[in-house]
Structure formats: C-alpha cells, structure tokens
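Structure, as structure tokens:
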Amino acid sequence: MSTYLTLALRYLNGRKLRTSLTTLAIVFGVLLIFGMNTVMPAFIGAFQANALAMAGQVDATITSKSGEAFPESVAETVAAVAGVRVVSGTLERGIGLPADFFDQDPATADRLTAVTLVGAVPDTIRSIASFNVLQGRFLEAGDGAVAVITESLADEAGLQLGDTLSLPTPIGLTDLTIVGLLPQRLLPGNEEVLVTLSEAQRLFNVPGQINVVDANFDTANEAARAQIEADIAAAVGGSFTIGVLQPGAEILTNIGTAQRIFTLLGALGLLMGGFIIFNTFRTIVAERRHDIGMLRAIGASRGTITGLILIEGLIQGVVGTAAGLVLGYGMGWLALAAVSQIGRQLLNIQVGAPVVTPGLVVLSVTVGVGVTLLAGLLPARAASRVTPLEALRPSIGALAWRRIAGLSFWAGVVLLAGAAAALVTGNAGLLALGSFLFIGGLILIAPALVNPIAGLFSRVLALAFARDGTAQLAEGNLSRQPTRAAVTSATTMIALAILVMAAGLITSLAITFTEMLENSLSSDYLLVPPTVAVWGVNTGASPTLAEDLRAVDGVDVVSSLRFAGTQINDVAVGLLGIEPQAYTQTSGLAFVEGDPETAFREIESGRGLIINGVLQASAGVKMGDDVTLLTPTGTVTYKVVGIASDYLNAKTTTGYLSQANIAADFGRAEDVFYQINLKPGADRAAVEAAFKQALQPYPQFKLVSGQEYVDQNRGIFDAAFAGIYAMVIFLAIPSLIAMINTLAIGVIERTREIGMLRAVGAARSQVQTVILAEALILAAIGTAFGLLTGLYLGYMATSAFAALGFPVTYAFPGQAMVVAVAVGLLFGAFAAIIPARQAARLDIIQALRYE
Amino acid sequence: MSLIQTENLAKVYGTGDTAVTALSQVNLKVDAGEFVAVMGPSGCGKSTLMHLLGGLDRPTQGRVMIDGHDLGDLPDQALTALRRRKIGFIFQFFNLIPVLNATENAALPLLLDGRPKAEAHRQAQAWLAKVGLGDRQHHRPDQLSGGQQQRVAIARALVAEPALVLCDEPTGNLDSRSSDEIAGVLRQAANEWGRAVVMVTHDPRIAAYADRIVFLKDGLVTDETVLDPQKSGNSALIETRMKAMA
Amino acid sequence: MGGEQNWDIKPAQVYTTLGRLEEAGLVAEEPVEAPAGPDKRVYTITAPGRASLNEWLGTGVEREHSRDEFFIKLMLALLTGQPSPQRLIQTQRAALYRDLHAVTAQRNVADPKRELAKILLLDKAGMHLEADLRWLDMVEARLDEVRRQPLPEPEARPRGRPRKSAEMIGS
C-alpha cells in the first residue's frame, strides 16, 4: 500500500499545477455544500434563540401552535391535570429595538437588538423558577410600571437600580422603573424584562391573555412524565403544543428553500468537479500508458493498476474535501459576519457562528471523496485494461475507449425525454431531478453529435480565418475522439449552463419582483418596523397611532397591516390583516388566481382568505378550498378566495384577511406596518414633521419614503445579481482547466504528427492555429450545449420557483446568452494558449522520434 | 527439461482472408545460464515470440512452458504473478517510472509482490551495484544517461531473481558504446548469474554476445547457430580470418 | 604493437627481400669491418629508396573487393544447387557469427589502457564481420531474384591475364 501511496504522491507532485487546479474543483463543490449548510442552521438558530430562553428550566411549556395569546384560564386547565405540581401563566413578547436605541451611536454595532418582555404573576413564577435578586427586590403583586432586569441588560442600557427603562410598546414608548437586578444572563436568547402580568397585558393591549404556560411535575419518572404531558395535551386541545414559542416560524420555510438552492449549486459544482477529475485522469492514463504497460509487464495485476489510479483520486478527493471543509467554514463565517449586520438591522436577529453537525461533515466528506473516486473509476478501469504490450509498442496511439455509442445515445435520449416529462409535470422536486436528467442525457448523446457539430463549426472557422486547411485538420482531430471532445465540451457546457440558468432565473425573478415592488410599495410613505417580513417579532402599535396619522393635515389614506401567527395543515403561516379599501390604494397584491375585486369583497363580507403562492405550494391548498386555521383557542374555517402576493411577503407563507376577522379570531389589533398616501399638493415637509411628532412614542417605526424604499430593494437585487455572476465565473474556472487538459492530451497523443507537420513545412503559427481551431470548435460545441442546457435549467428553476409559489414567469435572458457565447469562445481560445505554445515549441526532431 | 520450452508454437492474427501468420511451428529450448539472441528481418515474428514467451499474449496453437508451468493453463492473475516472480523484462525504451528514483524503480517488482520496502530497496541497491550503478542509486531517470537508465531496467528485471529475462531490442535506443556495455551485462546475467536470457535484436554486433542465435524468417525458425566460446580451434580460426583481412 | 601477425617474419625472408631491394637500387650495403659477430650486414636507404618509401606511404591502400571465395561458392551453389544456396549462406553466417563472437570476446578482455592498438584492430575485424553479415542478409533476401537472372558466363580472354599491382607485404 505504501508503494502505491508513494507512487501516487510522486505523480501528483510531478504536476503540481494540474493537481492543484483539479483539486480546486472538488474544493469548490465541497465548499458550497458545506459552507452553505453551516450558514443556514446558524440563521435558524438565531431565529430560535429567543424561544430557547425559557426552555429546559421547566418540565413543560405549553404554547399555542399559532404563536398567539390565549385566555388565562388555560393555565388553570393545565394545573388541573393530575401530576402537575405547579403552573405559571406568562405573557412573553419580543420587543424589537430600533437601531441605536440604547447607545444612540450609529458607528458602533448594537449588541442588543431586542428584549423579551415577560409578564408574570410574581408568586407563581417564583414557584416554578428561582430568581436570585442581586439588588433591590423582585416583583410584587400589585406592581405597576416597574421592572426587574438582569445586570447585563442594565450595563448595556447604562441603567442602575431605580432608573427608568424606556421600551417601545404598542401603546407607545413606556417607562418602567427598575426595582430589582438579576444575575447576568447565561442562556442564549434575548435579555428579559420582568413585569407583572397585568402590566404586560396593559402594554400589549391584550387584557386577560397569556401566551405561555410553564408547568412543573411532581415526578421525575420518565414514563409518568410522558403520561402527564399526554394528559396536558389532551386537556388543552389540539391547538396547543407542548414546546416553546416559535416566532418567525414562517421564515424558516424560506431559509430551507435557500439552503436547498445552494445545495443544488454545490451539487452542480461537484458534478463539474467530477467531470474535471474524470478528464484529468483520462489525461493521466493516456500520458502514462507506457508506464502502466511496463508495470503490467513486470507483474502488476489489473487490480493494482486500478488501485494506483484510484489512490491518486483518493488523495485529491481527501485533500480537496478537507480544504473545502475548512474554506467552507471560513466562507460561512465570513458570510455570517457580512450578513449579521443586515440580520440585526433588517431581521432583528443575532446570528451566531456557522453550525457544524457531524452529519453534515460526514455528508460533505462522502460526497466530496465519493465524487472524486467515482470520476476516477472509469479512467482507472481503462488503465487496468492497458495491456503489457503497450509498454513494448513504440507509438503512442489513441487510448481505446470502449465505444458504446449506440447504447449511450439511446440512454441519453431516454434521459432527455424524462427531463421533458418533468418539465410538463411542473412538480418542483421532479423539476430538480429533471435538470440532472437533462445534463446527463446531453452528455450521453453528445458523442454522437460531436461529428456533425464539429463539421459545421469547422466550416465556419475555415471561412473566418483558417484558410490553409488547419480547421479541417482540427475538425479531424476532434472527430477521431468524439467521446473525449464531448467530455471536454461538457465542462464548458455546465459552466455556461449555470450562467444562462442563473441569468434566466434572475431576469425572471427581477422582472416579476420589480413589478411587484412598484405595485406593493408605491405609496408615498412607509412606516417600517425593525424586522420586515418577520412580523411576529415586531412590536407594533395600537390603532391610536393610525388615527393620529390620519389626522395629519395632507394625509389621504393610511393603510396598515396587522399580524397574527397560525398554522394551516401544520404549516406555519403569517396572517396579515388588511383594510381592502385603504390597502388597494396604497399597495396591492399581484393575483395569480381569483379576481381582485371579488376577493377583496369576500374577505370583508365573510371569512375569506387570500393566500400567497408559497403558502399554496407548501400547504397544498387550492383556490376555493376551505382551510382550517389554528387560533389561540381552537380552530376556525376560512375559504380561499384568491391566490396573490405582495412584494414583502412573497417569500414567506402568508395569508391575507380583513382586520375585522383578525381581531375577532386572533385577538389582534396591533398595527405592524403602515403605508401612507398624501393628498395631491400636500406640503411634504409639514407632513413629515407631523409624522415625526406622532411617532415620538413609537421609536420602533422608521419613516421612509416609498421611492427610497424601492431603490433600497433594487440595490439588494443588484447585489444578488453581482454575487451570482461572480459565483458563475468561479464555476467557469474549473471548466477552463478541463479544456486545457483535453487539449494537452491532444498534443501528447499527436506529438509525432505535429513534428511531421512541422517537418513538411508547417510554421509554428500554423500548428498553433490547428490547436486554437480545435479549442474553438470544442468551446463552440460546449457553448451550444451550454446555452441549450442553461435555457432548460433556467426554465426549470423558474418553474420550480413558481411551483414553490413565487409569482414568477420565465423571461428569456437574451443579454446573458450573448455574454455566455462570448465567455465560452474566449475561454476556448484562452484554454488553447498553453497547449498551442507547447505544440509549437516542440522540437521537430524530438517530436518525430517521440515513441 | 529445459527452463523454457516451446512446442509447435504458432500465432495467427485475424481470421479468414485477413489472417496473418506471425509465428508457426516454433520449437525452442533455452536453458538456465544461456544467452540466446533472436534475429531476423522486421516482421519475422520475433516480437510475437517475445510476447508469447513472456505471457503477454496467448498463442493460437502450441504451448509455452516456463520452469514447468504451461502458460496456456494459467488464468490472468496467475500469469501476472508468474511474470512478477519468474520473468524479468527489459524494453527498448527503458520504461522507468519518471517520478521514482533508480532504487525505487529497481525495487518495483518486489514491492508489487508485497515484499517489505526496506528489503526490496536493499536488494534493488545490491543489483544496481552489480550492474555498475552503485553510485547512482538516488538519481531520477531524467538524471541518468540512456545506458544508465537501461542498467536500472536490467537491475529491475533481475531484482526478483527471475529464471528468465526477456529483452526486446534492449540496445535499440543506445549508442554503440552503451550498447556494448548493456550486452556485456546481459551476458553476465546469463553466464555468471545463471539466468536464461532471451534477447530480440537486429544488431549483429549485439547478437554476437549471445551463446546462441536463433534466426526467424516469416514466422519460422530458419537457422540456429551456436557461438560456443570454448570451442577448440576457434582462436586459430580467428587468426586466419584476421590475416585474411589485415 | 597490434596484432602479432602483422610483424612476425622469418630471417630468410628478410635477406631475400633486402637483396631484391639492393638490386633495385633502393638500399645500399654499408662497408663495415665485421670481424666480430656472425655475418652481420648493415644497409642504408638510398635517395631513390627514400623516394620510393615516401611514395608508398603517400599512396592510399586499395582493397580487394571483387574476389571473394564465398562468392564463388555461392555462384557454384546457384549453378549446381549442391549444396542449396540457403544452406551455404547459413553455414557462412554461422561461421561469421562465431568469428564475431570470438572477436567480441577478445575485444572485451583487452585492456583499453594498455592494448588500445589491439582493440582498434579487433574493432576493424568486428566491423568487417558485421558488414559481411549484413551483406549475407541482403543476399539471402534477394536469392530468388538472382536465381531468376542468367548467371555470369566466363568470358574468352583475348589478352593476357589482367594484373593488378599488389606487390605488398602480407598480401
């Protein structure tokens, strides 16, 4: 074994550049898969951090599946269950803090972006958890605007015992006197502000309501505890869950989608890495035919030869994967660092370090090393078929690749048919599968298409610049080895396919979203809470704010959104209460199904619900269905009257209903987002001053002008565009390596022929032209296939997004196609430089003697 | 029984009208310690004979016996093992692994046979010393001259103590001085170290080093000449020849 | 120096030769008082003698190529078929190879530091043998062709036997 290892290492070492470039492909694939999958859990973790706060300290926590508040009587129901020793009903709400709330300094990053306000009955909460008061006192029954906070929060806010803590609440900025300090918080999650239950109910405007019941049991016996949990579940009913609050559950669905997209990109990267490895090993086998034949002659078995090549693959796979893991972690860390700023400001979450699970490591290693080995297997087997006679045979001939042209052609046709069928079904999963079928199919039928395509392009080339027959020579060289040519073109194909796909998808999304953006956010002003689109963690304002705004002179319409959480078919859903009249004037929904007028009328007249596409896809609900929504206390049935989306909520599972209904069924009267239109000719400066005045008690809202907000969002899109194009270029580099490889094999295999050409009078430049023409033909084939594949993949991806509920329609990426053609051909020419120089530099005598 | 023995060995390439007889009815015996040269015009079948003797190719008819083993009876695995232990190969193009040094190249057959590395290297170095490369043990092939590379190949062929050494135009790529040296080492391998050495060459000068020459023409053995050095009167014969030429 | 064969000579031959050289006026006997010693004479080269020597040294040595014993055997074999020309070639080749083998063996035991002259002579022999062997191969390859052509007929000799000047030592 050590002999093989030595040999493999020496061979790899002998071609450092090629080895590192080849390994880079694997690094890249693993990096994407591993890196992205460590980032997403970190996000999810950040979202769940708040919820973790109380977990683990008590035996059971009972919350509503909808995440909403429920009557205090539920606590009594729980207390009545046999085996429950003590219960405590609390009202806990996250309060998102506006930027620079405590430090007033935009330069330094805020460490606190949210606190959790916990309203509790002092005696009962002390019976369930211990509170070690360091200074002052704990809460007492009958306390009003007083709070107990941790030392760390006090330090952060620069407050001391007896000082006043101001917090934004739905009823406006509220002052609480600090009466006690608790030890520094150790668990992850938000800092807590403890107030009495009645005070909390007052601040959140939900009298008689709680949203968490904590319970401790009187037994430590696991079986008995499980029984008690079951009994509690039975007692409170199906709309409750034994577990923690899940604010922002609806965005987790969205993160999952992103994770899948990045994993798909990583898989494509690895697929390409596999190709490159495959191609490289073909080069290796061709180059070392003599060595291999000699080894066979002096007694190496077929297995030994296979092993030798595979060990080389293994080394590259292991090194590449290891580097990919390290870089992936680094990239994850960097991405999180970059995002955490946005995360804090936009989503009001604290993003931690990348999350590495053993399962992910195992998966990444398996995939990274597996792909390398798999890619090396075919060339290794070809190597093992090299007979000992090869060592004795003087000339370097073409490697005999088993021709299964007929079979593979038809297999390719079958795969392509499968891909087409997947397109017809419109099912997102099948579409993703279809993309792989499509690529695989093209690769299989490619060898059969190389000859006609090469012929076509060579004629074009001959017209263009290679008049002295060099184009024909290049064409002949390719036609001689259609499989090799196909494999090389395939790498270009994949790189360009990704480019065209990305362009197609982005163009489609951009067009649709821009439309929606204009439509949804066309109002003159917006009041934006800290966390847009994750409404559940926002602290809104009571209806009085809207009244105040309407009272401002020059204001025409004020439309607000009210939020409540719920579940439909076990899918977490964010409900938005709207007033259709005002809403349609300031904003709008893009309808996919249903008539806007009827739909808006129906949500006001009865229990009608407009759902967005994401919800439609993930909950499996159709237009006209009756759906059961989980309310804090039970369930209620709504009818789906339309399928439509707005810009802000297009990515999350969302339903729209009337504000009357959200108040009646979910007890919500809190506005979380406002859109305001002015009367024609209104004095903007005066209006803005009046708004600022009205917003004084509500620092949680930021006033932005509609146009400003639209521009901001456009900027995000442009950044995403640039990022994806950068990634595509990164993907294209390995493709370049693969092309250089193939052309290099061509030169090695034809050394003698090139020497002969030179001997009979071909100039160096003519030899270079042959190689260049060959590269250009290869690139042209790859580009042609790449455009085809990219169009399919782009259409597939767009359909997949549509299937997932994003309101997109496919847009043809004309500009990107032009770019792709240019990039493909330029790369082809660029890839030819090294081998062409190599060929031209060949010494005639040496080349002719080359045996 | 001789170390190598062929019985009515024949090889036909292709079938029907396109069939080409490369070798027919070859009966050849080579003993241990014997140095046999195979000569003949190109296309006479000498390479084919080598391939058959080395078990690299299978005969159409007849048998090849090496040290009592009938190569025709052996499956690929066993044939590979036999090549590893009983046969050493020397090629025209040296065929050294470029990334390994002289010792590592020479030790390859032992390593392939699963011997411990230290032992394999020790033996390889011993053989390198015997072929006159004691001071070049850690040189890479590209740091050695053609003649030196071929000596490494000879050390590699001999390291596993094979009974038979097969050489295919071993001096075809060398200048005449190196050729003489290589032929001398091969002669030594036979006469001093007791191997049976069979060498294909088209160079009469190199063939003259052998103990016996087998002439092939159109796949048939046309002649066999024993060049016995001990033959009495040989030196007298040389003298007369030299007088005639002087 | 070099092969003994080139320098080995009998005393009688020396005197006969010297006598002939004196007759031709190429050397002259020195008048020497020789009371002591047995019959000792001293010769000096004359001016014509030196001229003749210089001429000999200054002339290229011609080789005899067209007369060849094996060739005659081969022609006879072609004419009579007894023995077969192939057989004849094989026998000749075997003989040449044995020679070459022996020459090679001798050459390889010669010490290049002391016996370079001998090695050079042996190389000459070896190269001639190689050339002869190659020629044999060629003859063998074209045997059928030559068989189909008319054999050279001995011509009638109107004049005397043509002579070639080859009055040299060891010829």
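Each value in this text was obtained by applying a stated rule to the coordinates, not by laboratory testing. What you see is a predicted model, and the numbers here were worked out from it, not measured in a lab. Cβ: placed from backbone, ideal geometry, glycine included. Neighbour counts: every protein chain shown.
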| said: Sort B:72-79, A:137-144, A:278-285 by the packing proxy (mean of other Cβ within 10 Å over each peptide's residues), most packed first. | reply: A:278-285, A:137-144, B:72-79
| request: Based on the mean of other Cβ atoms within 10 Å per residue, sort peptides A:766-776, A:79-89 so the most packed one is first. | output: A:766-776, A:79-89
| remark: FRET efficiency for A:R459 and A:I833 from the Cβ-Cβ distance with R0 = 22 Å, rounded to 0.05, comes out at 0.35
| field | Total charge dipole magnitude, the range B:10-137, about the Cα centre, Cβ charges on Lys, Arg, Asp, Glu only, Debye to nearest 20 | value | 220 debye
| request: Please tell me which of these pairs span more than 30 angstrom C-alpha to C-alpha: A:K639/A:K692; C:K10/C:K118; C:K73/C:K124? | output: A:K639/A:K692
| 10 Å Cβ neighbours from other chains, averaged over peptide C:100-110 | 6
| Long-range HN-HN contacts of B:H139 with modeled amide H, under 5 Å | B:A102, B:T103
| query | Averaged over peptide B:88-96, how many Cβ atoms belonging to another chain are found within 10 Å of each residue's Cβ? | reply | 5
| request: Before anything else, pin down the relative contact order of the range B:1-72: Cα pairs under 8 Å, at least 6 apart, normalised by residue count, whole percent. | output: 40 percent
| field | Cβ-based charge dipole, chain B, positive-most Cα from B:T80, B:V131, B:G194 | value | B:V131
| task | Would you mind checking which residues have amide H under 5 Å from B:I90's amide H? H placed 1.01 Å from N; only 5 or more apart, or other chain. | result | B:L166, B:C167, B:D168
| remark: Going from the fewest other Cβ atoms within 10 Å to the most, one would list A:K679, B:K217, C:K10 as C:K10, A:K679, B:K217
| field | Inter-chain Cβ neighbour average for residues C:89-96, partner chain, 10 Å | value | 4
| field | HN-Hα J in Hz across the range A:301-309 - Karplus 6.51, -1.76, 1.60, θ = phi - 60°, x for Gly and Pro | value | 7, 4, x, 4, 5, 4, x, 4, 5
| request: Can you grab the distance from the C-alpha centre of the range C:60-127 to the C-alpha centre of the range A:599-650, Å, no decimals? | output: 110 Å
| In what sequence, highest mean first, do B:197-206, A:701-710, C:76-85 appear when ranked by Cβ atoms within 10 angstrom? | B:197-206, A:701-710, C:76-85
| message | Tell me which of A:T164, A:A129, A:I149 sits at the most positive position along the dipole axis of the range A:118-165, charges placed on C-beta atoms (Lys, Arg +1; Asp, Glu -1). | response | A:A129
| task | Quick one: what are the phi-derived ³J(HN,Hα) couplings along the range B:90-107, Karplus 6.51/-1.76/1.60 with θ = phi - 60°, whole Hz, x for glycine and proline? | result | 10, 9, 5, 9, 6, 6, 8, 6, x, 8, 10, 7, 4, 4, 5, 5, 5, 7
